Amino acid sequence: MTHGRNHQRDRRPSWKRTNRGVRFRAPGRPDSHPGHAPGAGGPALDQPRTAAVLARVPALIVFAVALLALVSGAGATWLPLLAVGPTLAAATSKPQGVLRLGFIAVALGAVLGVRGGAPGREQVIVLSALAAITLASSLASALRGRRERVLEAVRSVAEAAQHALLKPVPATVGQFQVAVHYSAAAAEARIGGDLYALVPTPYGVRLIVGDVRGKGLPAVSTAALVLGIFREAAYDEPDLLDVVGRIERSLARNLGHDDFVTAVVAGFPRTGHMEVVNCGHAPPLLVRGSDVVAVEPTHSTPPLGLGALTGETPNLQVLSFTDGDQLLLYTDGVTEARNHEREFYPLLERVARHLSDQPSRTVAALHDELLAHVGGRLHDDAALLLLRKPVMAGSRSAVEARAQADTLPLCGAEAL
């Protein structure tokens, strides 16, 4: 096996990638818990501390204006600038805080006006305007608070939807160690068009990682449909290809002509073997020792929902998968992430750098490096799922396991 080759540059599938996911090209025509860490994709801010700092800024502005007026000796000239404090406080404070700051601004304005010798009529007009701005800012603060409460309720619903759609994955599933990291591109989003699931079934552990074409609520709805079918079919169907077939038939009934889902469906039916069905998705990375190799499909298979256009059936690949081996599945939000020089993130090359016996540590390191590569903000949903077969006590030696693994590197469905 070879190490460190950027597969997305030299081996492109028969459909062309666009802003989100891929676009099919017809034949012949010239993006917390150790196992689950969804997030917004950027570094989290210390929100309480930031809010406390911002709340002090309006008061500092008012006192700075007052100090400037006293030092310059032209108090009346600076009176209109006192309105900046209550106006800004509407965005950072509660209505009571805005009123208190406005009262202080009016009092300081009166003192500065008298000290500066401003005409009484002019002073009354300025102070009345300052009081009116304070009342309007207090009302704006109340409306902002109401909108924030509504937004918080919506976020709680989104959080519940996330846990229903992308259920938390424990650190250990069956005989595997697992780690997942999901980042939605939108700053306030918790879910997007990428999907993943991993379930223990009577036929072994089965998993799916996919990417829905499009964004927004339609993509989330399609992701929910795919995950619901997968979780049901994974328990019912002994054959992994039948699981994929059920997803394909359902999407063909429910999706539009231009909608589809790229996905990798995998299963561990028996010791030492991993089954993989790749439907137009980025190839998984098989980690064996210090070697990392892309598991390229033996022949091109269209994404889910487009099978009827070509008549092609998915292809089942069998990988040897023994103690110590790892399988990394991901979405194009990882490999198509660009830095300021428009260079793709070289996932295949970077995996070996962060390899660990703890999948959660490996995935966390990859995600941190991915954020550093793009400058701290992802522009597409990104998912990473790493599966590791730990070395079991009392098992055969690593040398014996590796010798057998080398006899079955990759093969097609006929090998079953």
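The set of residues in segment 266-297 that are among the acidic types (Asp, Glu) and surrounded by fewer than 22 Cβ atoms within 10 Å (Cβ to Cβ) comprises Asp291, Glu296.
Cβ-Cβ distances below 6 Å connect the following pairs, each with a first residue in segment 296-314 that is assigned to a helix (DSSP H, G or I), a second residue that is aliphatic (A, V, I, L, M), and a separation of six or more residues or different chains: Ala308/Ala252. Of the residues making up segment 357-373, those that are part of a helix (DSSP H, G or I) and open to solvent by 50 Å² or more (accessible area, probe 1.4 Å) are Arg361, Asp368, Ala372.
Annotation: Ala164 fulfils all but one of (1) over 19 Å from the mean Cα position of the chain (by Cα); (2) assigned to a helix (DSSP H, G or I); (3) aliphatic (A, V, I, L, M); the unmet one is (1).
Which of the residues that make up segment 197-220 are part of a loop (DSSP other than H, G, I, E, B), touching a strand residue (DSSP E or B) at 6+ places or on another chain (Cβ under 8 Å) and modelled with pLDDT under 90? Within segment 197-220, just Arg213 meets the criteria.
A single member of Glu349, Glu341, Glu336 is more than 28 Å from Glu275 (Cβ to Cβ), open to solvent by 20 Å² or more (accessible area, probe 1.4 Å), acidic (Asp, Glu) and out of contact with any Pro (no Cβ under 7 Å at 6 or more places or on another chain), and it is Glu341.
Taking segment 104-158 as the region of interest, how many residues are farther than 17 Å from Leu67 by Cα, in a helix (DSSP H, G or I) and among the hydrophobic types (A, V, I, L, M, F, W, C)? Counting residues in segment 104-158 that are farther than 17 Å from Leu67 by Cα, in a helix (DSSP H, G or I) and among the hydrophobic types (A, V, I, L, M, F, W, C) gives 21.
For residues that are assigned to a helix (DSSP H, G or I) and touching a helix residue (DSSP H, G or I) at 6+ places or on another chain (Cβ under 8 Å), scanning just segment 237-246, find the one that is least open to solvent (accessible area, probe 1.4 Å). Per the stated criteria, the residue is Val243. Against the numbered list (1) closer than 22 Å to Val169 by Cβ; (2) surrounded by fewer than 22 Cβ atoms within 10 Å (Cβ to Cβ), Asn315 comes up short only at (1). Within segment 247-281, the set of residues being of a type in the set (Gly, Ala, Ser) and in contact with a helix residue (DSSP H, G or I) (Cβ under 6 Å, 6 or more places away or on another chain) comprises Ser250, Ala252, Gly267.
For segment 37-82, give me each residue that is under 30 Å from Val334 (Cβ atoms) and either assigned to a loop (DSSP other than H, G, I, E, B) or at pLDDT 65 or above (or both). Ala40, Gly41, Gly42, Pro43, Ala44, Leu45, Asp46, Thr50, listed by residue number. Quick one: how many residues across segment 374-385 are out of contact with any Asp or Glu (no Cβ under 6 Å at 6 or more places or on another chain), open to solvent by less than 40 Å² (accessible area, probe 1.4 Å) and farther than 25 Å from Arg288 by Cβ? Qualifying residue count for the region: 3.
The values are calculated or read from the model by the stated rules, or taken from the named source; none is laboratory data. Since we're looking at a predicted model, the values are computed, not measured. Every residue, glycine among them, receives a Cβ derived from its backbone with ideal geometry; neighbour counts consider all protein chains shown. All accessible areas refer to the heavy atoms of the entire protein, side chains included, with ligands and DNA or RNA removed. Shrake-Rupley method; radii C 1.70, N 1.55, O 1.52, S 1.80 Å.
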